[in-house]
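Please treat every number below as a calculation from the coordinates, not as lab data. Quantities reported herein were computed from a predicted structural model and do not represent experimental measurements. Cβ placement follows ideal geometry from the backbone for every residue including glycine, while neighbour counts extend to all protein chains displayed.
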Amino acid sequence: MRWTLLASLIAACTPAPVAELKLSAEAIDFGAVAQCRRRTQTLELSNVGAAPLTLDVPAVEDFELSPTGEVRIAPGETKSLNVVFVAPQREGEFARTLVLAEKSVQLRAVTTSENWEWLSLNFGGVSTRGTDERTFTISEPATLEPLDEPAFSVTQHGNEVVVSFTPTETRAYAATLNMRRENAACVLPTDLRGSGVSAALEWTPGLLSPATTVGAAANLSVEFTNLRTRIVRMTNVSVVEQGMSGPSPHFSAPTTFDVPEATFDATGELVAGRAVLEFTFTPTQAGTLLATLRATTDVPEQPHLAVTVRTTTSQ
């Protein structure tokens, strides 16, 4: 009887086994994470108590936890909790607190701008008879999504990306190229723009020189307008008189000439590049003379140009 009573008293005084949570860290700092990037860290949950442990893993804003909900951990068992941060498309600091069984874990991350090589591309004016191409090298592999504007096309060869613009009408074109890099959680858009023009390089159709006298030099000039966003280079510039096959001795012109590229103003409107080609005419006899200013250009759809020149000379 006495032994039974003693055993009952001992049992009553012995504490019941309890569960105890031990965390592998009190804080998880993801550091700087580029926009759209995904970073994962692991938090170890250990039950160092003598009873089963049941945790309720909550959802935490700005971070992804796996698993969530009810998690059971047996005595002496350790389970892993994956904590994922997906950097949004905005810069900033993100700090949250994860609470597990009255224990707190501080979660922190900072997003930084992604180092994309290009986020916009404007071809400027491209002739409806031609095509313009731009080539870029990206620092790491990416998947390019299809374009919804057929005037633009994209080909990819490893890390080299070629964007082509082939307008068929004289109007403005726009499209969005979405590029998704490997291990990126979101897509960054690249704006594509361009305009179809009747001619990328324009000039005065005909040139009438001021009247001059024999032996007196007259200064002539032609203004060129460039709607391309690249410099146009002219070579083999010469003036050929009607009926002659080679350069005229009566005209003096530079053999090469550049027209600056078109640019964009603060509102995004295209501003044509302009340049004036100056040359001289020194007649040796009176009368009317017809000639042609000729040049070779590096514009594929306008490889040659010809400007008619008409002069009148008196004694």
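Considering THR235, THR284, THR311, THR267, the condition of being over 14 Å from TRP203 (Cα atoms), of a type in the set (S, T, N, Q), touching a residue at least 12 places away in the same chain (Cβ under 8 Å) and in a loop (DSSP other than H, G, I, E, B) is satisfied by THR284 alone.
Checking each residue in region 155-204 for being among the β-branched types (Val, Ile, Thr), assigned to a strand (DSSP E or B) and either within 14 Å of the chain's Cα centre (by Cα) or on the phi > 0 side of the Ramachandran plot (or both) picks out VAL161, VAL162, VAL163, THR176, THR190. Every test in (1) within 30 Å of MET179 (Cβ to Cβ); (2) free of Cβ contacts under 8 Å to residues at least 40 places away in the same chain; (3) surrounded by 12 or more Cβ atoms within 10 Å (Cβ to Cβ); (4) not aliphatic (A, V, I, L, M) is passed by THR78 save one, and that test is (1).
The residues listed here are ALA200, ALA216, ALA211; of these, the one that is buried (at least 17 other Cβ atoms within 10 Å of the Cβ), touching a residue at least 60 places away in the same chain (Cβ under 8 Å) and under 30 Å from THR280 (Cα atoms) is ALA200.
From the list PHE94, PHE85, PHE63, PHE152, the one residue that fits, being crowded, with 17+ Cβ neighbours inside 10 Å, within 30 Å of GLY273 (Cα to Cα) and out of contact with any helix residue (DSSP H, G or I) (no Cβ under 9 Å at 6 or more places or on another chain), is PHE152.
If you take the residues in region 238-256 that are assigned to a strand (DSSP E or B) and not aromatic (Phe, Trp, Tyr), which one is surrounded by the most Cβ atoms within 10 Å (Cβ to Cβ)? Show your work before the answer.
Applying the first criterion (assigned to a strand (DSSP E or B)) to region 238-256 yields 238-241, 251-252.
Narrowing the set further to residues that are not aromatic (Phe, Trp, Tyr) leaves 238-241, 252.
Numbers: SER238: 17, VAL239: 22, VAL240: 17, GLU241: 18, SER252: 14.
Per the criteria, the residue is VAL239.
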